[in-house]
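Report on one structure; see the data block that follows.
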Amino acid sequence: MKILHATSWVVFGSSMLAAQVPAPHVLEGIVVDHSRARIVSATVIVTDEKTLRSLNARSDAQGRFHFSLEPGSYELRIESPCFAPFVQKGLRVDGIVEAHFEVMLQVIKGCFDTTTAPAAKGI
């Protein structure tokens, strides 16, 4: 059972500049938890499914990430401690100039244990 999901896949723009030098394709988004709180410093990996070349980034202080990509098909993987990894294959960026979306990560059960928090230990 897949417990992660992407929400609000919204595409903007067009590739009407084909007669000129192709514009870079932008793939960007926001990483959030189930309460829609932004997840900072999540590892975001985009892999070209044809060449297997990968680009890595971290989500910023607002949970955002951004990649400039060549046209093609990509796998998106997002990981963060205490959250199940998110993987989406087959993301096409051929006819799109910009793709914006939100990825919701699911907490791994028992990972955030309040009995091990520093305040609970008297530290």
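Brief remarks follow.
- Against the list (1) at pLDDT 95 or above; (2) assigned to a strand (DSSP E or B); (3) more than 14 Å from Phe86 (Cβ to Cβ), the condition Val40 fails is (2).
- Flag for Glu28 being among the charged types (D, E, K, R), part of a strand (DSSP E or B), surrounded by fewer than 20 Cβ atoms within 10 Å (Cβ to Cβ) and touching a residue at least 60 places away in the same chain (Cβ under 8 Å): yes
- Residues that are at pLDDT 90 or above and β-branched (Val, Ile, Thr), drawn from segment 94-112: Val103, Val107, Ile108
- Once segment 8-25 is narrowed to residues that are of a type outside the set (A, V, I, L, M), part of a strand (DSSP E or B) and surrounded by 12 or more Cβ atoms within 10 Å (Cβ to Cβ), the residue that is modelled with the lowest pLDDT is Trp9.
- Residue in segment 65-77 that is more than 24 Å from Phe112 (Cα to Cα), surrounded by 14 or more Cβ atoms within 10 Å (Cβ to Cβ), modelled with pLDDT under 95 and among the aliphatic types (A, V, I, L, M) present: yes
- In this structure, Val87 does satisfy being exposed (fewer than 15 other Cβ atoms within 10 Å of the Cβ) and modelled with pLDDT of 95 or more.
- Contact annotation: residue pairs with Cβ atoms under 6 Å, 6 or more positions apart or on different chains, pairing a residue in segment 39-64 that is touching a residue at least 12 places away in the same chain (Cβ under 8 Å) and more than 25 Å from Val107 (Cα to Cα) with a partner that is assigned to a strand (DSSP E or B) and acidic (Asp, Glu), are Glu49/Glu75.
The values are calculated or read from the model by the stated rules, or taken from the named source; none is laboratory data. The model shown is predicted, which means the values in this text are computed figures rather than measured ones. Methodologically, a virtual Cβ is constructed for each residue, glycine included, from the backbone with ideal geometry; neighbour enumeration extends over all protein chains shown.
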